[in-house]
């Protein structure tokens, strides 16, 4: 099968070496262990071969994809849908309505992606038949182990009597693969070294807080980087919240992302980052893996990564695929760079005064209806253009969730649009509209 038309949907001209090798290995119907860094295109590499492996005549789940986080599950579901295949995919994860998932599974998808805990629950309650699952993909397997999902994964795999092929992916090499995975004569593909980011793709810069507080240095750096997209990584949730408090005082728009937030709040932060309503995200290492966040230009290590793996995953948020990026290490005068940092670094100077970044040209409009209300992007576009008085160029990215939706609207137009649609309906359903904060 020619993948050119499909790749054009992702604005990719050609597959990279890792993707070609992975597709070739999967098509041999052998077990595969793929080691390749974050951002190298692993998701495309294991999803494309499914188009030739799935059967239109089979009415049960044929492929199971297990992932460590709900965010990664959602990302894979979105990428699969962009392939434009006629096959159905469903997504199951903790924090999502069990009853909705159970209802969706009454008409089994060809591909099921989810977190081990939730998938194990559905198997245990006989909401999923595993009798026809021939392909198992364990994406970010190392992180699933770190998260303590061994028992759930072992149970799930033990229930797959028809399993013929296993694909295991990881961003970093694995010391040992547990026996419950059941690998047999696996083809090992290790791109951890050949795909490491070169200095031309990823620049490393050092910012030293000389004579000033580290928080003040961060504010100066954020101001200097302006409206470029960036993620500030911290080791602790309270640090994220403390930085957020400073940014709020300075009236600098930003998003917050960590495990202490509700799922919907994390989703909103990512939606705004992707649609351009914000250019700055503060996060713990929860955002270092398993998220599809394109075009991040700068990574800032406000607190130093504890291990090389953590550093690799953080830096993997930028210089993705064929793009370039910069990672900053913010140091106090008494700090030292991590011993595992081998890349040549540059020093970055800071301005004497803070210059706040200009507000984004976009803001996000919230709608209180989504997929489960039979509302889609076309419905929202039509309403905002016809009833909201917007031109096409004044409407940005739209994200539709189960029971809500978010649309990027030009900042100078959003208040006027909100006034015009406040009492409008979509598909005869009363919908609440408001600016997402």
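The values are calculated or read from the model by the stated rules, or taken from the named source; none is laboratory data. The structure presented is a predicted model; accordingly, all values stated were derived computationally and were not measured. Cβ coordinates were reconstructed from backbone atoms using ideal geometry, including for glycine residues, and neighbour counts include every protein chain displayed.
The condition (being touching a helix residue (DSSP H, G or I) at 6+ places or on another chain (Cβ under 7 Å) and at pLDDT below 95) is satisfied by just one residue among 77, 71, 140, 86: 140. If the condition is being farther than 18 Å from residue 120 by Cβ and buried (at least 21 other Cβ atoms within 10 Å of the Cβ), then segment 130-147 contributes 135, 142. Name the single residue that is surrounded by the most Cβ atoms within 10 Å (Cβ to Cβ) among those in segment 148-176 being more than 25 Å from the chain's Cα centre (by Cα) and touching a residue at least 40 places away in the same chain (Cβ under 8 Å). Applying the filter and picking the extreme gives 160. Search segment 1-25 for residues being over 24 Å from the mean Cα position of the chain (by Cα) and touching a residue at least 24 places away in the same chain (Cβ under 8 Å), and hand back the single one that is farthest from residue 172 (Cα to Cα). Here the residue is 1.
Which of the strands (runs of 3 or more DSSP E) contained wholly in segment 362-425 include at least 1 residues that are at pLDDT below 95 and in contact with a strand residue (DSSP E or B) (Cβ under 6 Å, 6 or more places away or on another chain)? Even if it seems obvious, please write down each step before you answer.
Values: elements: 362-367, 395-400, 405-410.
Qualifying strands (runs of 3 or more DSSP E): 395-400.
In summary, residue 12 fulfils each of the numbered conditions (1) at pLDDT below 95; (2) under 22 Å from residue 184 (Cβ atoms) with the single exception of condition (2).
Looking at (1) surrounded by fewer than 19 Cβ atoms within 10 Å (Cβ to Cβ); (2) out of contact with any strand residue (DSSP E or B) (no Cβ under 6 Å at 6 or more places or on another chain), which is the one condition that is false for residue 244? Of (1) surrounded by fewer than 19 Cβ atoms within 10 Å (Cβ to Cβ); (2) out of contact with any strand residue (DSSP E or B) (no Cβ under 6 Å at 6 or more places or on another chain), only one is false for residue 244: (2).
Do any strands (runs of 3 or more DSSP E) lying entirely in segment 172-254 carry at least 3 residues that are closer than 21 Å to residue 333 by Cβ, and which ones are they? Steps first, please.
Values: elements: 187-190, 202-209, 230-233.
Filter on segment 172-254 gives 202-209.
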